[in-house]
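Structure record follows, encoded as structure tokens.
The values are calculated or read from the model by the stated rules, or taken from the named source; none is laboratory data. Everything numeric in this text was worked out from a predicted model, so none of it was measured. In this analysis, Cβ positions are derived from the backbone assuming ideal geometry, glycine residues included, and neighbour counts consider all displayed protein chains. These area figures cover heavy atoms from the full protein model, side chains too; ligands, DNA and RNA do not enter into them. Shrake-Rupley method; radii C 1.70, N 1.55, O 1.52, S 1.80 Å.
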Amino acid sequence: MCGIVGYVGTEEAQDILLRGLKTLEYRGYDSVGVSIKSDDGIKLCKMSGRVAGLESYLEKNRISGLIGIGHTRWATHGGVSQMNSHPHASFSKKIHIVHNGIIENYADLKVFLQGKGFYFESETDSEVIAHLLEYYCCDNFFDGLIESLRHLTGVFAFAAMFGEEIYIAKKGSPIVVGHGLQEYIFSSDLSGLSGRARDVVFLEDGEIAVLRSSSCDFFSFSGEKIDKQFMEVNFDSSESLLEGYPHYMVKEIFQQAEVLERIIQNYIDKNSIAFSFMNPGCFSELKKIYIVACGTAYHAGLVGKSIIEGYSRISVEVVVASEFINNDPILEGNTLCILISQSGETMDTLFALRKAKSLGIYTLAIVNSRFSTISREADEVLYSLAGVEIAVASTKAYISQIGVLYLFAAYLSGYKRDLSEFLDTFRQLPRVLRETFCLDSQIEGLAERFSSKNKVFFIGRGLDYASAVEASLKLKEVSYISSEAYPAGELKHGTIALIDDQTLTIAISSQESLNSKMISNAKEVQARGGDVLFLGKSSSHDDFSTFETLILPEFDSMFAPFVTIVPLQLFAYYTSLKLGLDVDKPRNLAKSVTVE
Ligand code: M6R
């Protein structure tokens with residue numbers, strides 16, 4: 001989703017902004033632009049398309065200057081076009097802004113400003129910020145900014161460049177300011193600082209930063225000066241490198257064994273689980289758990305429900321975050337709300353967190369990105385330790401989320417049972433995943449064979465159904481092939497009407513006790529002319545030899561979700577490559593969805 005970067009210091013802004021914009025590419029975007037203050041005023045350059053396009057234009061048309069702002073846009077209000085790209089300039093062109101979020105009352109403000117003679121060039125909500133600032137800032141920029149903020153409703157982080165200064169305001173969308181030697185750099189996330197600053201400060205909602213090359217001051221929206229301290233963070237920028245892999249998605253799939261090793265190292269101590277909670281007593285008498293998340297994180301929640309209910313016998317409801325916000329949850333005594341998010345910035349999940357807190361429900365965030373808003377606002381946090389995930393299609397974050405959920409389920413049940421067997425099995429997972437990676441070339445061949453299918457169904461029972469849902473999302477995200485997941489027994493209740501020779505059905509069968517039912521369901525598909533790819537374990541190989549098969553390594557079926565998803569992530573990856581698509585940046589998607 002939209003990414004902001006900005007610089008004020010002693011070096012050429014153009015190079016620093018372009019580097020920052022490249023690292024923000026993973027968030028998902030459709031257009032890009034920069035404004036840089038040169039000796040003869042602010043120069044703006046923007047276009048639809050990729051950062052590489054802007055870079056090659058600017059190579060030939062360099063803008064020299066030490067202050068600048070840049071933006072990657074993910075279209076919401078107004079189509080993908082040069083005019084709708086950011087930055088936007090005020091009427092006099094003296095103020096340039098970049099914005100992430102949505103100005104909800106932009107239509108009213110636009111009518112008001114048009115009535116005052118302001119001319120709008122774009123269809124965006126963001127442009128009103130530039131004109132509003134100009135309208136109120138005629139005498140004193142700072143006072144005008146405070147007045148403008150009183151009139152803006154919605155969600156935003158914006159940066160306004162005026163004179164030798166950059167003004168940043170935050171309400172809802174994230175922004176981090178980094179401090180280097182005689183310079184400040186800011187961005188929507190840590191990666192956008194391009195490793196230039198180790199000392200950073202995260203703006204909170206209702207805060208303003210005013211940056212000059214020599215100083216940075218912080219204020220509240222009411223204009224009072226506030227004290228904020230920069231803190232040192234360790235950000236491993238090597239995570240943002242491909243390190244020999246052709247794409248981030250495949251790099252991240254193959255990193256999954258290491259992710260589990262990290263989880264084991266950090267969270268397992270001999271025969272116990274080493275979570276350090278602020279208030280561990282809150283978990284001992286739970287009556288009900290809500291798991292709330294979006295997309296892949298929601299699918300991790302589906303696995304979490306099975307495991308927590310199975311191990312600790314506490315009732316769990318998994319709710320899509322955007323629905324939780326509107327629902328009226330029934331509170332049954334001691335309730336916990338678990339919010340799961342890779343980015344920690346997803347607006348729907350953040351608003352769900354705030355709703356849970358407003359209802360007095362204790363909250364636990366399972367979050368990958370440190371210092372993210374959700375991790376800061378939740379009562380308790382467990383970091384999922386996936387490392388930086390760049391590919392828009394989430395893979396290692398999913399494994400890390402289910403890893404933490406398994407351990408949390410065991411932690412809850414640990415009040416009543418011995419965990420040694422569970423933890424021994426968990427410790428085997430990195431090895432089992434590495435065995436699963438050996439299926440790589442077979443999966444590439446299967447992707448080649450099936451990439452022409454126009455519809456794919458994923459079916460599974462129990463824990464395999466949760467994997468089916470996630471596998472289906474992965475395939476549609478990166479291949480644009482229409483796909484759906486069904487509980488295997490449900491297909492015959494209607495959807496089987498869609499099966500023909502253009503469809504592929506991927507049957508996931510990791511649970512010994514359900515194997516014969518899965519084989520029957522797969523045969524029902526085959527009998528109607530549909531192709532079947534059957535994922536099973538070798539012990540039952542003879543039974544399903546009539547299908548195209550993928551034999552999974554032997555493992556404890558209770559831990560199946562870790563293993564079944566890997567070949568299906570690879571299948572999605574190779575299908576995307578066979579179709580010649582941009583696997584790391586699929587169309588229309590954003591990595592961090594910061595609008596409702
Ligand atoms: O950052 P989050 O985990 O909160 O993001 C949630 C979803 O937007 C995300 O999982 C999305 O579905 C991914 N593109 C899935 O690959």
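Here are the numbers:
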{"item": "Qualifying residue in the range 219-229 (condition: out of contact with any helix residue (DSSP H, G or I) (no Cβ under 6 Å at 6 or more places or on another chain) and surrounded by 19 or more Cβ atoms within 10 Å (Cβ to Cβ))", "result": "yes"}
{"item": "From the options SER375, SER369, SER322, residue that is in contact with a helix residue (DSSP H, G or I) (Cβ under 9 Å, 6 or more places away or on another chain), within 16 Å of the ligand (Cβ to nearest atom), within 15 Å of VAL404 (Cβ to Cβ) and of a type in the set (S, T, N, Q)", "result": "SER369"}
{"item": "Per-region count, the range 356-380, residues open to solvent by 20 Å² or more (accessible area, probe 1.4 Å) and either within 9 Å of CYS337 (Cβ to Cβ) or in contact (Cβ under 8 Å) with a residue 40 or more places away in the chain (or both)", "result": "8"}
{"item": "Matching residues, the range 387-409, being hydroxyl-bearing (Ser, Thr, Tyr) and either surrounded by fewer than 24 Cβ atoms within 10 Å (Cβ to Cβ) or away from the ligand (no atom under 12 Å from the Cβ) (or both)", "result": "TYR406"}
{"item": "Meets criteria (open to solvent by 10 Å² or more (accessible area, probe 1.4 Å) and within 23 Å of ALA169 (Cα to Cα)) for GLU12", "result": "no"}
{"item": "All helices (runs of 4 or more DSSP H) inside the range 410-520 with 2 or more residues being surrounded by fewer than 23 Cβ atoms within 10 Å (Cβ to Cβ) and more than 26 Å from the chain's Cα centre (by Cα)", "result": "420-437, 440-450"}
{"item": "Subset of the range 202-216 (residues that are touching a residue at least 24 places away in the same chain (Cβ under 8 Å), open to solvent by 10 Å² or more (accessible area, probe 1.4 Å) and not charged (D, E, K, R))", "result": "PHE202, GLY206, SER213, SER214, CYS216"}
{"item": "Flag for ASP582 being away from the ligand (no atom under 16 Å from the Cβ) and charged (D, E, K, R)", "result": "no"}
{"item": "Pairs with Cβ under 6 Å, 6+ apart, first in the range 434-449 and assigned by TED's automatic domain parsing to the domain that holds THR549 and among the aliphatic types (A, V, I, L, M), second at pLDDT 95 or above and open to solvent by 40 Å² or more (accessible area, probe 1.4 Å)", "result": "ALA447/LYS578"}
{"item": "Any hit, the range 14-24, residues being over 26 Å from the mean Cα position of the chain (by Cα) and assigned by TED's automatic domain parsing to the domain that holds LYS171", "result": "yes"}
